[in-house]
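Quick notes on the structure that follows.
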Amino acid sequence: MARSPAKADFFEASRKAVADHELHRKLQSASDRHLDHVDETRAEFPPFESERDTARRIKEESIAHLDELLIELRRRLEENGCSVFFAADAEQARNYIVGVAKKNGLKRAVKGKSMTTEEIGLNRALIEAGLEVTETDLGEYIVQLRGEPPSHIITPAIHLSKEDVGALFAEKLQMPYTAEPEELTAEARKRLRSAFLGADLGITGANFAIAETGTLVVVENEGNGRMSCTLPDTYVAVVGIEKVIPKLADLSHFLEILARTATGQKLTTYTNFINGPRRAGELDGPREVHVVVLDGGRSAMLADPVMREALYCIRCGACLNVCPVYRRVGGHAYGSTYPGPIGSIVSPNLFGSAAGHLPFASTLCGACRDICPVRIDIPRMLLHIRWKESEDETRAIPWPRGAARARSGVVRFARLARHPRVARMLGRIAGAFLRPFARDGFLRRMPPPFNNWTAVRDFPVPRPRVRRDTAQEADSSGRVP
Amino acid sequence: MDEVALFPTCLAEEFFPEARDAVLVVLERLRLRVRVVRRAFCCGQPAFNEGFRAPARDLARRLVKSCEPGMPLVVPSGSCTSMIKVFYPELFADDPEMLARVQALRPWVFEFSQFLVDVLKVKYVGARFERTVAYHPSCHLLRELKIREQPRTLLSAVNGIRLVELGDRDECCGFGGLFSVKFPHISGAMLGDKLARIRASGANTVVANDCGCLMQIRGGLHRAGDAIETRHIAEVLAAR
Amino acid sequence: MAEFHKLIARLKTALESPAPSEPHAASSNSAASMPIAPSAQRVELVSGFAREFEAVRGSFLGVLSPEEAAARIASLAREVGARLVAVGEGVTLDAAVFTHALQEGGCAVERFGKLDDGERPAALERLARCDIGIAEAHYAIASTGTFAVVGAPARPNSLTLLPPISVIVVHVERLVLDLAQALGALGPDLVSAHRLSLITGPSRTADIEKRIVLGVHGPKTLYGAIIWPRNG
């Protein structure tokens, strides 16, 4: 039930997004503000680089012992009184959670922000089972009111302006129009507070699962995650298998880098530790805690020595904000729960070849790797996926005509370039042929397959010359040309 | 060391002959004998990046066999240099014989500005260039090879130059090889923002170390009818 | 649990492929040092905490004796016109000092004890109606301005979540330098047995155009005080 994008979706969707200048402005300003904060907090914290290395090492170690850690996590969670369910795929996860809701006769669910529940399409399943589902993270609440998925894994409503939100609240919540974030937030607080107090099911994801203590850690700023795991009588956490870390002492290394990169804070406002149902006589916490541990394609990534690195991701979202492609097309164009650079890697693994174009939609500029708190080599993984796609005929994904031409063109060029003399001669011929059509050395329009170049910029006519025009005609070795 | 090899790269050969010439001029002024690699034309990166490793291997094999470890190989492109230094080992991971040759060659491969500053220890090359210059760091140069300061060191020593900053967090210009023609709308949007930054910087010349970026930016400026010029860094260093 | 065993089998198979990078030594186990700072370092920790706490938009009430803190809280309650104040059981302090001061100032005080499941909804409703919640933290972290609050029946965690104004105090001896020290001090046993929240400032969001707005779900105002008893 994960939204699987249609075949050539990304091309169409990204074209529309690029034409939307207002979207572009909103993405740029929000992303820049985020990156400024990140720069600041990082600069103020000298141990940042060594914490990155430590966190990376712990992830490497944890993922390399994932089987043992999950056995320990399950044991500890169960000792703490949790029910633990391992779901091989999205459908199993959904069915289990719907089953819990039915068994307990649950009616009203409140959710903290969780990309994993987006990934498994949980909301629709619960609504179809007759539950009322309220997203309670402000950004998620906004996109839910609009009937859209989040466009960013940290800032779900990054594609909307305060005026957009004002108009939305005026329409859907029948409040007088205002574009003041303070007033809009106050209205959401009022509505969601009563949702929290009336809910019988709370759902969140988790940022970390500590095997040693059987504890889930949920990191957030608003307090809605805390409410979701504190107030309703039944609580469900949906956790990817890669979230497990060995020890409590490991956690600080992740917390020291997560918020600094995700939001530019030193720590988020709330770091919630959940380890089981409320104990006898306690006011806080659910009566039942269900932990759904999701594979959903992750074990396949684990089996691939290059793709395994994607499981180190701590979902900070910084690679989205720094990505020149994401910043132009926004999250929805990707047609996947996980947009941006890290999304282009995990989406084809989680959602199959429908997301096959995404790994190609990158200039391999490397900005994502530089900002990644656990130093995931995203460009290398994109290349790795491209090899698999391009070299395996059975996986061939359909390309729009222009792109298909470019792809076959590059192979033809490579064959030609094996013969440098022929290649140079063809360059001279092409230059001579094109020169009459050029204006001061540039062509404004070209036929396919070069029309995609001239669609946005002029094309310089080739000007190969074997000898230099300068006084020093031959190079000093005399051997050349 | 008095002899070096130069791999001009296909883009420079076809579209930026003055960049190739300028590299020769600068190296010769530094009293080096330059042997231009003519038996290879392209490093193979376009096919490699698109996922076609077999044709890329053919080209890579050709280039590696045209060069000898022991003689520095100067490449006036961050992208092609990183192809050789960073990606060739991956390309030949399953071919021990070629891998050994690549590993032997790697330490001898240098991007042009890196070669001047880090190997020759040169900062000042006697150049004079009286223009206002915005330097655009190409992505592979910056993030694969980590060459950040070398070009700036060389440029700031040029007489008469005025350097200005683009202030866009060294963002990609949108070229990305085949990306530019497969996703022209996204590439164009990135280019548009880069041009806006260039104009806002007050520069009348954009300098980069990669002909790919120069082709993208030059094509965009020409389309817009803009008088701002583009130069390979070697052209600036060769200017008197 | 057939699915679990299948998963573990899948993972074992997956892990047989070579790892992407060199295996590293076992994960760190550093932060187990005793966090209690000698008096000489306390002043530094206190000023660090105050600075960071204010930076995350907390309101720092100062370094106070229990009696001063009680008086300060009572006058705060008066200022905001609070009628109902929830007070949790202390960790190192006797919360009665706060209760008395508040009651003398005319506030009704809500305390907590063991509850039956049937009493829970009403108790939550009452807590949600409280104007102020007062809690003592187990630890506070100087480098981030964070309180580590540990729940118990007489000290529910939602005390620092539901009322719109939250007051958290911490004993000066429980001020630690950083997160690693705090987790080390709390320790695995306490973390697996209690509900723990790290609280760094009032509830906030930046979901609308990255503008920071306080009090989106949790408290809009967070007061913090460090308790340094006169004889301490």
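With the alpha-carbon atoms as the only input, what is the per residue convex hull volume for segment B:72-204 in Å³? Let's see the in-between values first.
Values: hull volume 14.9 nm³, N = 133.
Per residue, the Cα convex hull of segment B:72-204 comes to 112 Å³.
So for each of B:2-12, A:339-349 I average, over its residues, the number of other beta carbons within 10 Å; can you give me the resulting order with the highest mean first?
Values: B:2-12: 21.7, A:339-349: 25.9.
By packing density, highest mean first, the sequence is A:339-349, B:2-12.
Take chain A, drop everything but the C-alpha atoms, weight them equally and run the Debye formula without solvent; then report log10 I(q)/I(0) at 0.06, 0.10, 0.11 Å⁻¹ to two decimals.
With one equal scatterer per Cα and no solvent, log10 I(q)/I(0) is -0.33, -0.81, -0.95.
Determine by what factor the alpha-carbon radius of gyration of segment C:39-227 differs from 2.2 N^0.38 Å, reporting the quotient.
0.99
What's the tally of Lys pairs in chain B whose alpha-carbon atoms lie under 25 angstrom apart, where the two lysines are 8 or more places apart or on different chains?
Values: B:LYS65/B:LYS85; B:LYS85/B:LYS121; B:LYS85/B:LYS123; B:LYS85/B:LYS146; B:LYS121/B:LYS146; B:LYS123/B:LYS146; B:LYS146/B:LYS194; B:LYS182/B:LYS194.
Close lysine pairs found across chain B: 8.
Determine the principal axes of the Cα atoms in segment A:54-106, then give the extent along each, sorted from largest to smallest and rounded to whole angstroms.
Answer, in whole Å and largest first: 45, 25, 17 Å.
Over chain A, what relative contact order in percent results from Cα pairs under 8 Å that are six or more residues apart? Each step should come with its number before you reach the end.
Values: 792 pairs, mean separation 93.0, N = 481.
Over chain A, the number comes to 19 percent.
Quick one: which residues, 5+ away or cross-chain, put their amide H under 5 Å from the amide H of A:ASN207? H built at 1.01 Å from N.
So A:ASN207 has HN proximity to A:VAL217, A:VAL218, A:VAL219.
What average number of partner chain Cβ atoms lie no more than 10 Å from the Cβ of the residues making up B:141-149?
2
Taking the Cα atoms of segment B:132-238 alone, what are Rg (to one decimal) and Dmax (as a whole number) in Å?
13.0, 41
What is the diffusion coefficient of the protein assembly as shown in µm²/s, taking the Kirkwood radius over Cα pairs and the Stokes-Einstein relation at 25 °C with a viscosity of 0.890 mPa s?
Working: Rh = 30.1 Å.
The estimated diffusion coefficient comes to 81 µm²/s.
For peptide C:53-59, what's the mean number of Cβ atoms from other chains within 10 Å of each residue's Cβ?
Taking the mean over all residues of the peptide, I get 1.
Determine ³J(HN,Hα), in whole Hz, for all residues of segment A:357-372 in sequence, where each value follows from phi through the Karplus function 6.51 cos²θ - 1.76 cosθ + 1.60 and θ = phi - 60°; x replaces Gly and Pro.
My calculation for segment A:357-372 gives 6, 4, x, 8, 7, 8, 8, 6, 6, x, 4, 5, 5, 5, 8, 4 Hz in order.
Translational D (Stokes-Einstein, µm²/s) of segment A:401-460 at 10 °C and 1.306 mPa s when Rh comes from the Kirkwood sum over C-alpha pairs? Kindly include the intermediate steps, with their values, before the conclusion.
Values: Rh = 12.6 Å.
Stokes-Einstein gives a translational diffusion coefficient of 126 µm²/s.
Check C:SER59: other-chain or 5+ apart residues with amide H under 5 Å from its amide H, H built from backbone geometry?
C:LEU222, C:TYR223, C:GLY224
Which of the helices in chain B, when you take each full DSSP H run, stretch at least 20 Å along the axis at their Cα atoms and have an average Kyte-Doolittle score of -0.5 or higher?
Working: long enough: B:184-201 (25 Å, 0.02).
Both cut-offs are met by B:184-201.
Can you give the average number of partner chain beta-carbon atoms within 10 Å of each beta-carbon in peptide A:85-92, as a whole number?
Neighbouring Cβ atoms belonging to other protein chains average 3 per residue here.
Taking chain A as the reference, fit the longest principal axis to its C-alpha atoms, fit the long axis of helix A:9-19 to the helix C-alpha atoms, and give the angle between the two in degrees, 0 to 90, nearest 10.
Long axis of A:9-19 versus the principal axis of chain A: about 80 degrees.
Ordered by packing density, taken as the mean number of other Cβ atoms within 10 Å over each peptide's residues, highest first, how do B:71-84, C:98-111, A:146-159, B:223-236 rank? Mind showing how you got there, number by number?
Numbers: B:71-84: 26.1, C:98-111: 17.2, A:146-159: 21.9, B:223-236: 19.4.
With the highest mean Cβ count within 10 Å placed first, the list reads B:71-84, A:146-159, B:223-236, C:98-111.
Percent of Cα-Cα pairs per 5 Å bin, from 0 to the last occupied bin, for segment A:299-363, please list those.
P(r) for segment A:299-363, in whole percents per bin: 3, 19, 30, 26, 17, 5, 1.
Near B:ARG162, within a Cβ-to-Cβ distance under 13 Å, what is the net charge of the other residues, with Lys and Arg +1 and Asp and Glu -1?
Result for the neighbourhood of B:ARG162: 0.
Dipole magnitude of chain A about its Cα centre, charges +1 at Lys/Arg Cβ and -1 at Asp/Glu Cβ only, in debye to the nearest 20?
2580
When the scattering of chain B is computed by the Debye formula from its Cα atoms alone, each counted once and equally, what is log10 I(q)/I(0) at q = 0.08, 0.13, 0.16 Å⁻¹?
Here log10 of I(q) over I(0) equals -0.28, -0.76, -1.14.
Report the charge-dipole magnitude of the protein assembly as shown in Debye, nearest 20, computed about the Cα centre from +1 at each Lys and Arg Cβ and -1 at each Asp and Glu Cβ.
3800
Among the listed pairs A:LYS111/A:LYS162; A:LYS26/A:LYS243; A:LYS59/A:LYS266; A:LYS113/C:LYS210; A:LYS102/A:LYS247, which are separated by more than 26 Å between their Cα atoms?
A:LYS26/A:LYS243; A:LYS102/A:LYS247
Tally the DSSP beta bridges in the protein assembly as shown and give the antiparallel ones as a percent, rounded to 5.
Approximately 25 percent, going by the DSSP bridge assignments.
Return the sequence-ordered ³J(HN,Hα) values of segment A:213-230 in whole Hz as given by the Karplus equation 6.51 cos²θ - 1.76 cosθ + 1.60 applied to θ = phi - 60°, using x for Gly and Pro.
Residue by residue, segment A:213-230 yields 10, x, 10, 9, 10, 10, 9, 6, 10, 8, x, 6, x, 4, 4, 4, 9, 10 Hz.
State the antiparallel share, in %, of DSSP beta bridges confined to segment A:9-299, rounding to the nearest 5.
Values: 8 of 33 bridges.
Counting DSSP beta bridges with both partners in segment A:9-299, the antiparallel share is about 25 percent.
Tell me the Rg and the Dmax, in Å, that the Cα atoms of segment B:158-221 produce.
Calculated on Cα positions, Rg and Dmax stand at 12.1, 41 Å.
Please give the helix A:181-198 orientation as an angle from the longest Cα principal axis of chain A, in degrees from 0 to 90, rounded to the nearest 10.
With rounding to tens, the tilt is 50 degrees.
Among A:ALA206, C:ALA14, B:PRO137, whose Cα lies farthest out toward the positive end of the dipole of the protein assembly as shown, if unit charges sit on the beta carbon of Lys, Arg (+1) and Asp, Glu (-1)?
Comparing the listed Cα positions along the dipole, B:PRO137 ranks first.
Would you calculate the convex hull of the Cα atoms in segment C:113-194 and tell me its volume per residue in Å³?
Measuring per residue, one finds 95 Å³ for the Cα hull of segment C:113-194.
Against the longest alpha carbon principal axis of chain A, how many degrees, from 0 to 90 and to the nearest 10, is the axis of helix A:66-79 turned?
20
Give me C:LYS12, B:LYS85 ranked fewest to most by other Cβ atoms within 10 Å of their Cβ, as a rough exposure proxy.
C:LYS12, B:LYS85
Taking all pairs of different Cα atoms in segment B:3-119, averaging 1/r and flipping that mean, what Kirkwood radius in angstroms comes out?
Taking every pair of different Cα atoms in segment B:3-119, averaging 1/r and inverting gives 14.2 Å.
Quick note: the coordinates plus some simple rules give every number you see, no bench work behind them. Since the model is a prediction, treat every value here as computed from it, not as a measurement. A quick note on method: Cβ atoms are made from the backbone with ideal geometry, for glycine too, and the neighbour counts reach across all protein chains shown.
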